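Right, one structure below, let's go through it.
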Amino acid sequence: MLEQYFPVLLQFMIATGFAVTTLLLSVMLGKSARRNSVKDSPYECGMIPVGQQQPRFSVKFYLVAMLFVIFDIEVVFMYPWALTFRDFVSNGQGAMVFWSMSGFVGILLVAYLYALKKGALSWKS
């Protein structure tokens, strides 16, 4: 039974040997660059890393993004329901499934109206 694992062991040994050999050759044959303060400073996408680390963003951006993700995920749940609704109707369960989804949409509507009332989507406040 161990002879069945021999190809896997051989492949593992070859891969490990190749990785170690490549790293050793890179260290032995590669050039070492001179170190200075400019090259040792962190690279910030072409920006000089001076001053504040990150600019301040309004919380409004994050709030709108979270609301979008929440409502978007809820709409994704409606897609499989729409695909299987015809099967439920043919089995005589159409009314129950329809009212279940109506309740789900009603809860989403209440949540959306609550977010509107609290001003979560208003950019002026």
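Quick notes
- Test set (1) without any contact (Cβ under 8 Å) to a residue 40 or more places away in the chain; (2) exposed (fewer than 10 other Cβ atoms within 10 Å of the Cβ); (3) closer than 30 Å to residue 58 by Cβ - residue 123 fails condition number: (1)
- If you filter the range 19-48 down to residues that are at pLDDT below 70 and surrounded by fewer than 10 Cβ atoms within 10 Å (Cβ to Cβ), you find that the one that is nearest to residue 122 (Cα to Cα) is 47.
- Positions within the range 74-98 being of a type in the set (Phe, Trp, Tyr) and surrounded by 11 or more Cβ atoms within 10 Å (Cβ to Cβ), in sequence order: 77, 81, 85, 88, 98
- Scope the range 78-120; condition among the charged types (D, E, K, R) and more than 30 Å from residue 60 (Cα to Cα); matching residues: 86, 87
- None of 59, 97 is under 30 Å from residue 112 (Cα atoms) and at pLDDT below 85 except 59.
- Among the residues making up the range 111-120, a single one is basic (Lys, Arg) and surrounded by 10 or more Cβ atoms within 10 Å (Cβ to Cβ): 118.
- When restricted to residues that are outside any helix (DSSP H, G or I) and of a type in the set (Gly, Ala, Ser), the range 73-125 contains 5.
The values are calculated or read from the model by the stated rules, or taken from the named source; none is laboratory data. Keep in mind it's a predicted model, so treat the numbers as computed, not measured. With ideal geometry, Cβ positions are generated from the backbone for all residues, glycine too; neighbour counts draw on all protein chains shown.
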